[in-house]
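Notes for the one structure printed next.
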Amino acid sequence: MDARPAAHPGPGPVVVLVGPPGAGKTTVGILLAEHYGVAFRDTDADIEQTAGKPIPDIFVDEGEPHFRALEHQAVADALAGHPGVLALGGGAVMDPATRKLLADHPVAFLDVELADAVRRVGLDAPRPLLIGNPRARWRELMGQRRPLYEEVATVIVPTAGRTPAQVADAVAAALGEAASAEPGTPQQNDRPGAAPADHKDQER
């Protein structure tokens, strides 16, 4: 078990995971929580618990603006009160207020390619923002969000060619390297590994 990364002492999450659907934030987050000996938390799960319904139903019943308001509050609450590993929904970084909050925390951007995202979770699951042509919508959303993922990232970890365990190890290593690096520049870990394992990821 490793202690909290030295670059980010104090309250709040050990690390916040961001990235698009299929990046493996939930699976990698659970492994990282085990690595650090802390709890794992997912803001999508928090939102569903608060709303008492699945996220697709929130989109249908109340609309995306209502969901985004719930999402911002869920992220703010978790950043203030969760001392473990935290995974955010894929679109959370779209909110400028959320990005401002993330500036005070260690953030790992799990950078996934479309082919890996499809293999890991499929794009036929009920995802409100991927209705229509899921692959085209995924590319479009990633094009919009990539600069924002990079903006909030302390470290950037590509997932291609890596199992979830290898991604978790790479995140921990990159955070360690960031502790001794010049501030202000995300550290990118490019070490290749084995082919990614298939696993289910419910992020949106």
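The values are calculated or read from the model by the stated rules, or taken from the named source; none is laboratory data. No experiment lies behind these values; they were computed from the predicted model shown. Heavy atoms of the whole protein, side chains included, go into the accessibility calculation; ligands, DNA and RNA do not. Shrake-Rupley method; radii C 1.70, N 1.55, O 1.52, S 1.80 Å.
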Exercise. Look at residue 117 and say whether it is outside any loop (DSSP other than H, G, I, E, B), modelled with pLDDT of 60 or more and open to solvent by 40 Å² or more (accessible area, probe 1.4 Å).
Key: no
Quiz prompt | Matching helices (runs of 4 or more DSSP H) fully within region 1-113 where at least 1 residues are farther than 25 Å from residue 164 by Cα | solution = 43-51, 55-62, 64-81, 96-102
Self-check item: Which listed residue is over 16 Å from the mean Cα position of the chain (by Cα) and small (Gly, Ala, Ser), from 84, 90, 52
Solution: 52
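Matching residues to (1) of a type outside the set (A, V, I, L, M); (2) open to solvent by 50 Å² or more (accessible area, probe 1.4 Å); (3) modelled with pLDDT of 85 or more; (4) within 19 Å of residue 91 (Cα to Cα):
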| position | (1), (2), (3), (4) |
| --- | --- |
| 130 | no, no, no, yes |
| 144 | yes, yes, yes, yes |
| 162 | yes, no, yes, no |
| 184 | yes, yes, no, no |
| 187 | yes, no, no, no |
| 193 | yes, no, no, no |
| 196 | yes, no, no, no |
